[in-house]
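Please read the structure below before turning to the comments.
The values are calculated or read from the model by the stated rules, or taken from the named source; none is laboratory data. Everything numeric in this text was worked out from a predicted model, so none of it was measured. Because the Cβ atoms are built from the backbone with ideal geometry, glycine has one as well, and the counts that use them run over all protein chains shown.
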Amino acid sequence: MDTSQTITSLKGIGEKTAGLFAKLNIRSIEDLLHNYPRDYETFSQPSLIQDAACGELCSIRACLVGNITAKKVRNLTILNFTAKDTSGEIFMTYFNTPYIKNILKKGYFYIFRGIPQKKNGKLIMEQAKIYKPEEYFKLMGVLQPKYPLTAGLTNHMVAKAVKQAFTSCNMEKDYLPEWIRQNLQLEAYSQALEEIHFPPDYDRMLEARRRLVFDEFFIFLLALRKCKEHRAGLESGYPMMDVAQTKRLIEALPYSLTAAQNKVWMEIKRDLMGKNAMNRLIQGDVGSGKTILAFLALLMCVANGYQGAMMAPTEVLAGQHYETMRKLTEKYRLPFRPVLLTGSMSAKEKREAYEEIRNGEANVIIGTHALIQEKAEYKDLALVVTDEQHRFGVRQRERLAGKGEGVHVMVMSATPIPRTLALILYGDLDISIVDELPADRLPIKNCVVGTEYREKAYRFIEKEVGKGHQVYIICPMVEEGETDGVENVVSYTEKMKSILPARIQIACLHGKMRPADKNKIMEEYAAHNIDVLVSTTVIEVGINVPNATVMMVENAERFGLAQLHQLRGRVGRGESQSYCIFINGSGKKQNFDRLEILNHSNDGFYIAGEDLKLRGPGDLFGIRQSGLMDFKLGDIYQDADVLKTAGKYADKILDEDAGLEKPENKMLGKYMENVLNAVDFWTI
């Protein structure tokens, strides 16, 4: 069997099950094999209740005593019961799980797996997983893969399908040249693939992961170098002159540009007036003032008689950029004639926008991926600005730049990547850094606390909402069961509705929602029709809501520091004091120490650097991936050394054999052809 076949060719997977896999973008056997475990579970000997450490995942063998009681709080059903062993008792709580009454019997022993906490002097465990002792003991001592799931698809179903794929498929040959594998002592590809799913032990899992992470970085960087060759020395088709309008706008603004903004503006201006097409990354912390630099570049472009385009990662953010530009245009009488172009617009609205773009009536086009659709024909596109560069990727910005000949490209990112890594990852771009925040910005007040602080945090949230402000609550997971002992958006939203007064409007947001539903929620939040938004990290680059003053991050220990810093950049955007509460769900001292860095610094570049130093081997799967570049396994902070090594080897192989034509590189060359033609790769 070939790995390119659909997963329905595997025994036991019909159309219905294939539909569930498709929700996770798994359609072929190859997709299935590259759907790596997001964690591994190890089942240790159950502990006595008295030995269970608060805040840490553990298993307890205990007997159900007394009756299971149920109470209803609004639309939330809460079940409670007590379990005992020879050393003590623990109180168990479950939300919206009425079936538990049918599977548990009084007087029987079960193994409860979850995170114990102390509340009002009592030991409690919420939403613990329940095992029969004989089931649990079978799982002990083995690394069990845990896969990303969706409703209706269990971990057992995924693992079973993966095992069948390995036994019935012919694995592809290794495309990595033998000399690279030997130099770096990397496992064979097929071995690494099998051992990332079913590792014999922890060390072998690390070796398998090292091989696959190297591949991700190496292939990406090879493709990036190819892209750089294409744009290197590309002559500008749109030479520009300095214009008075930009100087007048800078002088008229109600604030002064920082020294860093002025420096970067000079670099942008020099590029636009130069002989070659600009290809520049503007990297700056959240709130450092990158957007005004983009608007100045677009102003210079339209004042020279050309069109400019600005692409944002979400419709809400595109809409906010459009409204900001419209207000600036009216206030300062600027020559902008902006038009908005997004996927959710009606066919009639799109037709009208396309016509304005084609005939040049619109000189700034702001939107999402709709900007790069075939129907969007530009009259005189000279400058392309992409916001949050890593959300689009190389091919997408190339497609937009391809709407004109020798177009200037400017990309912006608030992701604080240390310069050494940025030079590797953005090797096709010149880099400018806005490393200074405006002087009038109030620093965010941070605190790192344990789970016992939650009740106080809820009261604080209620108080801030009472003042007319808004709140974000971030959870690592979408649905219950994705990870034991970790807060999830769906359950947490229901819990908050039962805790906070009914007058407070609460909604949830996560990446599994349909794009139209996500946009609706974000728009409602931006319009202040929602007070508390419970979300995953999808809000990281989502919206600008100056009225939001509180962010609470549950299980903050599960995230990288750089990502937490970006998340808190959603607050502190208005005139009121803002606050960020990081809840350490593990209770471990080393996690408190790590999170304390956020407590003492608001400098994203410093934090990113510290993140590089602090990650250890044990954090590989415990800490949530940064999300940067959307690598499946690789994390640029955790795997910084592998990234640097991959960069060296990508340069070396292209220096010696640019066309990948030598016999030892032929398989790699063939593989790269497929990669460069695959749209999926370019969304990295």
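Quickly run through the stretch 458-493 and pick out the residues that are acidic (Asp, Glu), surrounded by fewer than 19 Cβ atoms within 10 Å (Cβ to Cβ) and modelled with pLDDT of 85 or more.
462
Condition check: at pLDDT 95 or above, of a type outside the set (A, V, I, L, M), surrounded by 18 or more Cβ atoms within 10 Å (Cβ to Cβ) and under 28 Å from residue 21 (Cα atoms). Does residue 220 satisfy that?
no
It is to be established whether one or more residues within the stretch 320-339 are modelled with pLDDT under 85, in contact with a Leu (Cβ under 6 Å, 6 or more places away or on another chain) and buried (at least 18 other Cβ atoms within 10 Å of the Cβ).
no
Evaluate the stretch 303-326: report whether one residue or more is polar (S, T, N, Q) and more than 30 Å from residue 515 (Cβ to Cβ).
Within the stretch 303-326, one or more residues are polar (S, T, N, Q) and more than 30 Å from residue 515 (Cβ to Cβ).
Among (1) touching a residue at least 24 places away in the same chain (Cβ under 8 Å); (2) in contact with a Lys or Arg (Cβ under 8 Å, 6 or more places away or on another chain); (3) farther than 25 Å from residue 138 by Cα, where does residue 13 come up short?
(2)
For the stretch 1-57, which positions are of a type outside the set (Asp, Glu), modelled with pLDDT under 90 and part of a strand (DSSP E or B)?
40, 43
So that you can scan it fast, the table gives a plain yes or no per residue for (1) under 28 Å from residue 488 (Cβ atoms); (2) among the hydroxyl-bearing types (Ser, Thr, Tyr):
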residue: 107; (1), (2): no, no
residue: 120; (1), (2): yes, no
residue: 136; (1), (2): yes, yes
residue: 147; (1), (2): yes, yes
residue: 183; (1), (2): no, no
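Working only within the stretch 102-120, note down all residues that are surrounded by 14 or more Cβ atoms within 10 Å (Cβ to Cβ) and not in a strand (DSSP E or B).
Correct list: 104, 115.
Could you check residue 98 against (1) loosely packed, with under 15 Cβ neighbours inside 10 Å; (2) in a strand (DSSP E or B) and say which number it fails?
Just one mismatch for residue 98, condition (2).
Are any of the residues in the stretch 309-319 in contact with an Asp or Glu (Cβ under 8 Å, 6 or more places away or on another chain), surrounded by 20 or more Cβ atoms within 10 Å (Cβ to Cβ) and within 16 Å of residue 237 (Cα to Cα)?
no
For residues in the stretch 567-600 being more than 23 Å from the chain's Cα centre (by Cα) and basic (Lys, Arg), which is modelled with the lowest pLDDT?
Out of the qualifying residues, it is 588.
Conditions tested, residue by residue: (1) surrounded by 15 or more Cβ atoms within 10 Å (Cβ to Cβ); (2) among the polar types (S, T, N, Q); (3) within 15 Å of residue 287 (Cβ to Cβ); (4) assigned by TED's automatic domain parsing to the domain that holds residue 118.
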{"position": "574", "(1), (2), (3), (4)": "yes, no, yes, no"}
{"position": "578", "(1), (2), (3), (4)": "yes, yes, yes, no"}
{"position": "582", "(1), (2), (3), (4)": "yes, no, no, no"}
{"position": "586", "(1), (2), (3), (4)": "yes, yes, no, no"}
{"position": "589", "(1), (2), (3), (4)": "no, no, no, no"}
{"position": "595", "(1), (2), (3), (4)": "yes, no, no, no"}
{"position": "607", "(1), (2), (3), (4)": "yes, no, yes, no"}
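Anything in the stretch 340-351 that is loosely packed, with under 13 Cβ neighbours inside 10 Å and of a type in the set (A, V, I, L, M)? List them, or say none.
347
Go over the candidates 80, 67 one by one and state the one that is farther than 28 Å from residue 586 by Cβ, over 35 Å from the mean Cα position of the chain (by Cα) and not assigned by TED's automatic domain parsing to the domain that holds residue 201.
It is 67.
Could you grab me the full set of residues in the stretch 360-386 that are at pLDDT below 95 and either more than 23 Å from residue 410 (Cβ to Cβ) or not assigned by TED's automatic domain parsing to the domain that holds residue 274 (or both)?
If the condition is that a residue be at pLDDT below 95 and either more than 23 Å from residue 410 (Cβ to Cβ) or not assigned by TED's automatic domain parsing to the domain that holds residue 274 (or both), then 374, 375 are the ones that fit.
Please specify each residue of the stretch 235-270 satisfying the condition of being within 16 Å of residue 383 (Cα to Cα), part of a helix (DSSP H, G or I) and not aliphatic (A, V, I, L, M).
Correct list: 246, 265, 267, 269, 270.
Of the residues 70, 62, 83, only one is surrounded by fewer than 16 Cβ atoms within 10 Å (Cβ to Cβ), of a type in the set (Gly, Ala, Ser) and either assigned to a strand (DSSP E or B) or out of contact with any Asp or Glu (no Cβ under 6 Å at 6 or more places or on another chain) (or both); which?
Going through 70, 62, 83 in turn, just one is surrounded by fewer than 16 Cβ atoms within 10 Å (Cβ to Cβ), of a type in the set (Gly, Ala, Ser) and either assigned to a strand (DSSP E or B) or out of contact with any Asp or Glu (no Cβ under 6 Å at 6 or more places or on another chain) (or both): 70.
Looking at the stretch 19-51, which of its residues are free of Cβ contacts under 8 Å to residues at least 60 places away in the same chain and either within 30 Å of residue 85 (Cβ to Cβ) or surrounded by fewer than 16 Cβ atoms within 10 Å (Cβ to Cβ) (or both)?
Those that are free of Cβ contacts under 8 Å to residues at least 60 places away in the same chain and either within 30 Å of residue 85 (Cβ to Cβ) or surrounded by fewer than 16 Cβ atoms within 10 Å (Cβ to Cβ) (or both): 19, 22, 25, 27, 47, 48, 50, 51.
Residue-wise test of (1) surrounded by 14 or more Cβ atoms within 10 Å (Cβ to Cβ); (2) at pLDDT 90 or above; (3) outside any helix (DSSP H, G or I).
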{"site": "416", "(1), (2), (3)": "yes, no, yes"}
{"site": "421", "(1), (2), (3)": "yes, no, no"}
{"site": "432", "(1), (2), (3)": "yes, yes, yes"}
{"site": "447", "(1), (2), (3)": "yes, yes, yes"}
